[in-house]
Amino acid sequence: MKYLVVFFTLLLALLWTLDTQAWDGAVIGQVNTIDVTHGKNYGFRVTLEGAPKLCGNDSGWAYLNDDDSNYQIFVSVLLAAKMSGTTVRLYTNQEKTSGNDYCHIGYISVS
């Protein structure tokens, strides 16, 4: 029984590690600022309180563009989290098309 518990604990740790490795960043915090600009120019930008690095580089902000899948839901969740002071976890990847490696939001979890 003891070995079974250890086995499942290690298995869960491995699965959690594999999940987080799919992202360049997975950072927890409260939404600090929201900036909005043209839809295809990193149109919806967020920072978290304390300005943590969001995707493994020096970028302290992450973005969504208006053509991203579920854009309206992402925006709604982030605005609601900002208004309520709820903690979020942003999962981000560095975008490679501009050469600037900005942090693109791919998944959000609300606590």
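The values are calculated or read from the model by the stated rules, or taken from the named source; none is laboratory data. Being a predicted model, the structure only gives us computed values, none of them experimental. Note that each Cβ is placed from the backbone with ideal geometry, even for glycine, and that neighbours are counted across all protein chains shown.
Scanning the range 57-108 for residues that are touching a residue at least 40 places away in the same chain (Cβ under 8 Å) and among the hydrophobic types (A, V, I, L, M, F, W, C) gives Trp61, Ala62, Leu64, Leu78, Leu79, Ala81, Val88, Leu90, Cys103, Ile105. Checking each residue in the range 82-111 for being at pLDDT below 95 and of a type in the set (S, T, N, Q) picks out Thr97, Ser98, Asn100, Ser111.
Checking each residue of the range 59-76 against the condition of being at pLDDT 95 or above, under 16 Å from Asn32 (Cβ atoms), more than 14 Å from the chain's Cα centre (by Cα) and of a type in the set (S, T, N, Q) gives no match.
State yes or no: is Gly39 at pLDDT below 95 and surrounded by 14 or more Cβ atoms within 10 Å (Cβ to Cβ)? Break it down into steps so the answer makes sense when it comes.
Working: at pLDDT below 95: yes; surrounded by 14 or more Cβ atoms within 10 Å (Cβ to Cβ): yes.
Here the answer is yes, as Gly39 does meet what is asked.
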